[in-house]
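**Student:** Following this message is one structure expressed as structure tokens.
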Amino acid sequence: MSDTQKLVTELLKTYEAAVYNQDSETFMHLYEPDARVFDTWGVWSYEDAAAWRVAVEGWLGSLGTERVKVTFEDVRIVADGDFASVSAVVTYQALNAAGEALRAMQNRLTWVLRVSRHALRIVHEHTSAPVGFEDMKAILRRARAK
């Protein structure tokens, strides 16, 4: 595993912990100031980290006593020098104060990363969910092959 791949793995762990701990400062430290985010929910794009911060703080601030456990699956990393890309399926599972699962959803994630200020940071994020042909609704749970 290359040094850049190791940095990506650490970034994934930091993302998981920041969301679980509702720590918007640590979460936003993963992004470059000029990061562009194509999120799944409600807004076409966030054109910089300042705009993204407003959405992130709103999300994490709305959770109250709930926690969100993030799990990355089928992670694929391509790394070359100071740049890397990551694609994965991400599960966001809401937990109550006792740690019991309340609900969950999945989406697809792609990150473009570069080394900046001695750390690997997100310069572009794209999340998505497929849309059903029949009902035009987002599919928020991946069907597994049988």
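The values are calculated or read from the model by the stated rules, or taken from the named source; none is laboratory data. Note that the coordinates shown come from a computational prediction; the quantities given were computed from them, not determined experimentally. Note: ideal-geometry Cβ built from the backbone for every residue, glycine included; neighbour counts use all protein chains shown. Heavy atoms of the whole protein, side chains included, go into the accessibility calculation; ligands, DNA and RNA do not. Shrake-Rupley method; radii C 1.70, N 1.55, O 1.52, S 1.80 Å.
**Student:** I'd like the accessible area for residue 48, computed on protein heavy atoms only with a 1.4 Å probe and all protein chains in place. Round to 10 Å², please.
**Tutor:** 60
**Student:** Largest first and in whole Å, what are the equivalent-ellipsoid semi-axes of the stretch 13-62 based on the Cα gyration tensor, each being the root of 5 times an eigenvalue?
**Tutor:** Working: eigenvalues 60, 32, 17 Å².
Equivalent-ellipsoid dimensions as semi-axes: 17, 13, 9 Å.
**Student:** Something else about it: Give a residue-ordered list of calculated ³J(HN,Hα) values for the stretch 118-128 (Karplus: 6.51 cos²θ - 1.76 cosθ + 1.60, θ = phi - 60°; whole Hz; x for Gly, Pro).
**Tutor:** Per-residue couplings from phi come out as 6, 9, 8, 10, 7, 9, 8, 10, 9, 10, 7 Hz.
**Student:** Hey, if we sort 72, 83, 133 by accessible area with the 1.4 Å probe, largest down, what's the order? Walk me through the intermediate numbers first.
**Tutor:** On the way: 72 30, 83 110, 133 195 Å².
So, going from the largest accessible area down, we get 133, 83, 72.
**Student:** Take the solvent-accessible surface of the protein heavy atoms, probe 1.4 Å, and return the percent of it on the chain that carbon and sulfur atoms account for.
**Tutor:** 55
**Student:** Determine ³J(HN,Hα), in whole Hz, for all residues of the stretch 86-100 in sequence, where each value follows from phi through the Karplus function 6.51 cos²θ - 1.76 cosθ + 1.60 and θ = phi - 60°; x replaces Gly and Pro.
**Tutor:** 9, 10, 6, 9, 10, 10, 10, 10, 7, 10, 7, 4, 8, x, 8
**Student:** Just from the alpha-carbon atoms, what are the Rg and Dmax of the stretch 64-146 in angstroms?
**Tutor:** That works out to 15.8, 48 Å for Rg and Dmax.
**Student:** Also: Can you give the helix-only mean residue ellipticity at 222 nm for the chain, where every DSSP H stretch with n ≥ 4 adds -39500 (n - 2.57) and the sum goes over all residues, rounded to the nearest 500 deg cm²/dmol? Show your work: numbers first, answer last.
**Tutor:** On the way: 3 runs with 36 residues, N = 146.
My calculation for the chain gives -7500 deg cm²/dmol from helical runs alone.
**Student:** Report the Rg/Rh value for the chain, based on alpha-carbon coordinates and the Kirkwood definition of Rh. Mind showing how you got there, number by number?
**Tutor:** Working: Rg = 15.5 Å, Rh = 16.1 Å.
Result: Rg/Rh = 0.96.
**Student:** Follow-up question, since we're still on this one. Assigning unit charges at the beta carbon (Lys, Arg +1; Asp, Glu -1) and nothing else, what dipole magnitude in debye, to the nearest 20, does the chain show about its Cα centre? Don't jump to the answer; show the numbers that get you there.
**Tutor:** Working: 17 positive and 20 negative charges, 106 e Å.
Here the chain has a charge dipole of around 500 debye.
**Student:** Hey, can you find the accessible area per residue of the chain for me, probe 1.4 Å, expressed in square angstrom? Please list the in-between numbers first.
**Tutor:** Numbers: 8780 Å² over 146 residues.
Counting only protein heavy atoms, the per-residue value for the chain is 60 Å².
**Student:** Taking θ as phi - 60°, what are the ³J(HN,Hα) couplings along the stretch 15-21 by the Karplus curve (6.51, -1.76, 1.60), each to the nearest whole Hz, with x for Gly and Pro?
**Tutor:** 4, 4, 5, 5, 5, 4, 8
**Student:** With the crude spin-label approximation of a point 7 Å out along Cα→Cβ, what separation in nm comes out for residue 128 versus residue 2?
**Tutor:** Modelled inter-label distance: 2.5 nm.
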